[in-house]
Amino acid sequence: MPIKHPRPWSPDDPFLYDLTLSLQDETGTITDEITSYFGMRDIRLGEVNGVVRPLLNNEFVMQVGLLDQGYWPDGILTAPTDAALKYDIEFSRRAGYNLIRKHMKTEPQRFYYWADKLGLLVWQDMPAIWYQHEDTARVRANFRREWKNIIDDHYNSPCIVAWVPFNENWGAFDVREITDWTKRYDPSRLVNGNSGFNNNPGYQEAYGDPGNGDFVDTHIYIGPNGASVPDAKRAASLGEFGGLGLFVRGHMWPVENNAYDYEPTKAALTDRYILLMHQVEQLMKYKGLSVAIYTQTTDVEHEVNGLLTYDRAFEKMDVKRIQEVNQAVTQESKKMNPGKVVPPR
């Protein structure tokens, strides 16, 4: 189905083509018909002023995102309604983010529909094998099968621009091989083989940086200083940072709550976040950073480091100021694009 002048999908312009498929009998009568949609976008690596970066539709745009675990107090891993799924995505866009990293879970297809529709890039994690002090070999075949199923289920969502098979060495095995397999199986997307390879659970030996895939990815709390830098073939991503907490009386899960650091008020937390994003901008301009993912969208039971409380009833930062600084960083990234970009060496 040739399209001479395609209109590319992006967070700035999440344009989707309407699609109708009709089945006709020998008389030309329509016997069945369905409607759908599709988006056209390209994601790859390229050199921008000599630095390897991810290019969306041939342009470097800093990916400023949220770690999104998708928990709900009234459904745990299940959102109560379709509107609730949509709300989290709308909030992320309203706060000036162009990316979420869907962390340690997958969502119903409606979630990816809303990300497509509203214009939010998605990094999709594979939920980890997590058997402390136990051999994972007996479930590794199932891991591979389910990872393939996830990719098959979501291959046609334009919002998904990167696959993340492993996180912080949790239950990690054959990391280089699985990263390479993912690249071969879906060459239309980027792959972050072991996000936060610098972190490791104490119960197993670290695989560390697999050395392949598309990203050199570190997790730094609080950060962002110390983030990874690009190499000759991979872009630099800060797969997790931040994690600043605020206690909001009456809106916390009834357990001992914690975060990586704390601020006493909404204003102070907002100021601290803005400082971190100024540092992210410096790393983007002068150290080659291309992705920064802040922890996290909402509080999650004992974790109180969300932009929203767990019940989504209270915004813990000044969202207008957060939007302004996030968008300022992405706008600065667009200024870094030359007239022509080239593939990495």
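Every residue, every condition in (1) aliphatic (A, V, I, L, M); (2) assigned to a loop (DSSP other than H, G, I, E, B), yes or no:
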| position | (1), (2) |
| --- | --- |
| HIS251 | no, yes |
| VAL255 | yes, yes |
| ARG272 | no, no |
| LEU275 | yes, no |
| TYR294 | no, no |
| MET317 | yes, yes |
| LYS320 | no, no |
| PRO338 | no, yes |
Suppose we keep only residues that are over 27 Å from ASN258 (Cβ atoms), of a type in the set (D, E, K, R) and in contact (Cβ under 8 Å) with a residue 12 or more places away in the chain within segment 198-229. Which one would you say is least open to solvent (accessible area, probe 1.4 Å)? ASP214
Working only within segment 305-323, note down all residues that are farther than 17 Å from ILE89 by Cα and open to solvent by 10 Å² or more (accessible area, probe 1.4 Å). ASP318, ARG321
With respect to ASN326, is the statement that it is open to solvent by 60 Å² or more (accessible area, probe 1.4 Å) and either acidic (Asp, Glu) or farther than 16 Å from PRO54 by Cα (or both) true? no
Please verify whether TRP163 is touching a residue at least 60 places away in the same chain (Cβ under 8 Å), open to solvent by less than 50 Å² (accessible area, probe 1.4 Å), on the phi < 0 side of the Ramachandran plot and part of a strand (DSSP E or B), treating the condition exactly as stated. no
For segment 124-157, which positions are open to solvent by 70 Å² or more (accessible area, probe 1.4 Å), part of a loop (DSSP other than H, G, I, E, B) and free of Cβ contacts under 8 Å to residues at least 60 places away in the same chain? TRP130, TYR131, GLU134, ASP135, TYR155
Only one of (1) touching a Phe, Trp or Tyr at 6+ places or on another chain (Cβ under 8 Å); (2) touching a residue at least 40 places away in the same chain (Cβ under 8 Å); (3) open to solvent by 50 Å² or more (accessible area, probe 1.4 Å) does not apply to GLY171, and that is (3)
Do you know which residues across segment 89-106 are touching a helix residue (DSSP H, G or I) at 6+ places or on another chain (Cβ under 7 Å) and within 17 Å of LEU308 (Cβ to Cβ)? ILE89, GLU90, ARG93, ARG94, ALA95, GLY96, TYR97, ILE100
For segment 233-249 the number of residues that are in a loop (DSSP other than H, G, I, E, B) and open to solvent by less than 50 Å² (accessible area, probe 1.4 Å) is 4
All strands (runs of 3 or more DSSP E) inside segment 9-57 with 2 or more residues being within 30 Å of GLY213 (Cβ to Cβ), aliphatic (A, V, I, L, M) and in contact (Cβ under 8 Å) with a residue 24 or more places away in the chain: 43-48, 51-56
Looking only at segment 79-123, filter to residues that are acidic (Asp, Glu) and touching a residue at least 40 places away in the same chain (Cβ under 8 Å); which one of those is surrounded by the most Cβ atoms within 10 Å (Cβ to Cβ)? ASP88
What's the total number of residues in segment 110-135 that are modelled with pLDDT of 95 or more, out of contact with any helix residue (DSSP H, G or I) (no Cβ under 9 Å at 6 or more places or on another chain) and farther than 30 Å from THR35 by Cα? 0
Which numbered condition ASP217 fails, given (1) under 21 Å from ASP299 (Cβ atoms); (2) under 17 Å from the mean Cα position of the chain (by Cα): (1)
Determine which member of the set ILE30, ILE43, ILE76 is surrounded by 15 or more Cβ atoms within 10 Å (Cβ to Cβ) and either at pLDDT 95 or above or not basic (Lys, Arg) (or both). ILE43
Report yes if some residue within segment 279-290 is surrounded by 15 or more Cβ atoms within 10 Å (Cβ to Cβ), more than 24 Å from SER237 (Cβ to Cβ) and in contact (Cβ under 8 Å) with a residue 24 or more places away in the chain; otherwise report no. no
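The values are calculated or read from the model by the stated rules, or taken from the named source; none is laboratory data. Keep in mind that what you see is a predicted model, and the values were worked out from it rather than measured. As a convention, Cβ positions derive from the backbone with ideal geometry for all residues, glycine included, and neighbour counts pool all protein chains shown. To get the accessible areas, we keep the full protein, side chains included, count just its heavy atoms, and leave off ligands, DNA and RNA. Shrake-Rupley method; radii C 1.70, N 1.55, O 1.52, S 1.80 Å.
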